[in-house]
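Chemist: Quick one: this structure, given as structure tokens, is what I'll be asking you about.
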Amino acid sequence: MDKSRSLLSSAIESDAGFRETLHEVLDNLGWTAKELSKKAGVSPSTIYKIMNEERSPSLEVLRKMLRAVREAEGLRSGDFIALIVTRRVLDEVVERSVQIDNESVRVREYPASTVEDAIVSAIRAERDGAVAVVCAPIVSPTIERILDIPIATIVPRDSVTEAIKLAAKKSKA
């Protein structure tokens, strides 16, 4: 498990576990608390209080710390949504970004032609820093069990109806 993921897991479990994991992560990275503070953009006193005075980090501080550790691990951090579908579907997608609350979120394509490709792409997307994944219903239950980011499932109502009509026409021919 990568350092940022173990740090996040320990934060969910307990404050004591988080502090212990934070010390281990800093040792592994060869960082001091002051270096973490600088890289995360958090005041040194906040980091020291979290590490020594049994104070829990706020969600904002935790995110900043995790981002700094992810970057140190070479895991890119991005604000994009991963779209995992076949090349044929990707060719039909026009949107390359979406507006959410006056903020533009990029869409990054991950082509997949098999279920295995989709699973590998989902893992790669999370490592690349995706904030969410959009994928087909055949793989979404599996991906939800693997990833720690939100998963949205494509429900192709119109295309399913069109495919059924086409199959009905072909069956009468």
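Chemist: Among DSSP beta bridges whose residues both lie in the chain, state the antiparallel percentage, nearest 5.
Modeler: Looking only at bridges with both residues in the chain, the antiparallel portion is about 25 percent.
Chemist: Also, quick follow-up: With viscosity set to 1.002 mPa s and temperature to 20 °C, compute the Stokes-Einstein D of segment 44-173, Rh being the Kirkwood radius across alpha carbon pairs; µm²/s, no decimals.
Modeler: 123
Chemist: Using a Förster distance of 45 angstrom, determine the FRET efficiency expected from the C-beta separation of E60 and D117, and round it to 0.05.
Modeler: FRET efficiency, E60 to D117: 0.80.
Chemist: For each of R157, R124, count neighbouring Cβ atoms within 10 Å of the residue's Cβ, then give the residues from fewest to most.
Modeler: Taking fewest neighbouring Cβ atoms as first place, the list is R157, R124.
Chemist: Please list the non-local residues whose amide H lies under 5 Å from the amide H of A136, H modeled 1.01 Å from N, same-chain partners needing a gap of 5 or more.
Modeler: Placed amide hydrogens put I154 under 5 Å from A136.
Chemist: What is the extension gain from D101 to A167, computed as 0.36 nm multiplied by their sequence separation minus the C-alpha to C-alpha distance, in nm to one decimal?
Modeler: Result: 19.6 nm gained on full extension.
Any read-out appearing in this document is the output of simple, stated calculations on the displayed coordinates, not a laboratory observation. Remember, it's a predicted structure, so these values are computed and weren't measured experimentally. Backbone-built Cβ (ideal geometry, glycine too); neighbour counts: all protein chains shown.
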